[in-house]
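The next block holds one structure in the form of structure tokens; read it before the comments.
FYI, it's all coordinate maths here, none of it is from the lab. None of these values were measured; they are calculated from a predicted model. Neighbour counts run over all protein chains shown; Cβ positions are idealised from the backbone, glycine included.
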Amino acid sequence: WSTGWIRGGDIAPFVGFEAFFQQRKSTAIDTQLFLPNPKEQADLWAVTPELKASATTALKVSFNQRFSFEVGSGGRTFDGAFLEVSTDRLTWTKLPLSALSVPWNGTIDALSRNPFAGQTAWVGRSAGYPAWVPTTVDLGTAYAGQSVWLRFHFGSDPGVPATGWEIDELSATGL
């Protein structure tokens, strides 16, 4: 997990996505990612290193996360994050709720200028924030014998910044 991450995205006005999705620590067994919630409109992501799924064992990825994204008046949520999966790093599919131990907790405001307006995502604050929330992605054997990548994806509207999204203690089984 310490090497092979790919980060990218678009932020307007462009200030360099390198300032976002920072690797706070990186050891042979652990990587911690941090994405500050910017005040700019953004579509930012970080892709895991290649995960070679076992031909017979269920693929599960576990991590701790916590997030605090912009919430407006009346509880309107303007920024949010979600996970996607790919077998080629070109075509991405948003993970279904059935694969997540912590489901999306809301919808990004449809009238916001977020690139993902109207989509379900992790929005607002994670449960018990600032406590870490253990999260597991269970892909089962759907990708048996294949190479798989997960994309941690975030979108924001222009306006108000917030703390952001932290991801830590990543691990995988079924490789």
TODO: For Q146, enumerate residues with amide H under 5 Å from its amide H, sequence gap 5+ or separate chain, H modeled in the peptide plane.
DONE: A53
Task: Distance histogram for the stretch 57-98 (every C-alpha pair counted, 5 angstrom bins, percent rounded to whole numbers) - done: 5, 13, 18, 21, 18, 13, 7, 4, 1, 0
Task: Charge sum, other residues only, whose C-beta stays under 10 Å from W165's C-beta, Lys/Arg counted +1 and Asp/Glu -1 - done: -1
Open item on the list: List the residues, sorted by chain then number, that are 5 or more residues from G140 or on another chain and whose placed amide H is less than 5 Å from its amide H.
Closed with: L59
Open item on the list: Checking the cross-link filter: which aspartates and glutamates have an alpha carbon closer than 13 Å to that of K60, excluding same-chain neighbours under 8 positions apart?
Closed with: D138
Task: Relative compactness, the chain, computed as alpha-carbon Rg over 2.2 N^0.38 Å - done: 0.99
TODO: Apply the Karplus parameterisation 6.51 cos²θ - 1.76 cosθ + 1.60, with θ equal to phi minus 60°, to every residue of the stretch 96-108 and state each ³J(HN,Hα) to the nearest whole Hz, in sequence, with x for glycine and proline.
DONE: x, 3, 4, 8, 10, 6, 10, x, 3, 9, x, 10, 5
- [ ] Among L111, S98, Q41, flag the residue with its Cα farthest along the positive direction of the charge dipole of the chain, charges on Cβ as +1 for Lys/Arg and -1 for Asp/Glu.
- [x] S98
- [ ] Would you please give the residues with an amide H less than 5 Å from that of T77, counting only those at least 5 places away or on a separate chain, with H modeled from the backbone geometry?
- [x] G72, D109
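Counting other Cβ atoms within 10 Å of each Cβ, which chymotrypsin sites (Phe, Trp or Tyr not before Pro) in the stretch 41-78 have at most 14 and sit in a DSSP loop? Before the final figure, lay out the partial values.
On the way: sites: W45, F63, F67, F69, F78; in loops: F69, F78.
The qualifying sites: there are none.
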Task: Between the stretch 148-163 and the stretch 61-123, the alpha-carbon center distance in angstrom - done: 8
TODO: About the Cα centre of the chain, how large is the charge dipole given +1 on each Lys and Arg Cβ and -1 on each Asp and Glu Cβ? Please answer in debye to the nearest 20.
DONE: 160
- [ ] With no solvent and one equal point scatterer per Cα, compute the Debye intensity ratio I(q)/I(0) for the stretch 28-107 at 0.13, 0.18, 0.26, 0.27 Å⁻¹ and report its log10, rounded to two decimals.
- [x] -0.55, -1.03, -1.68, -1.69
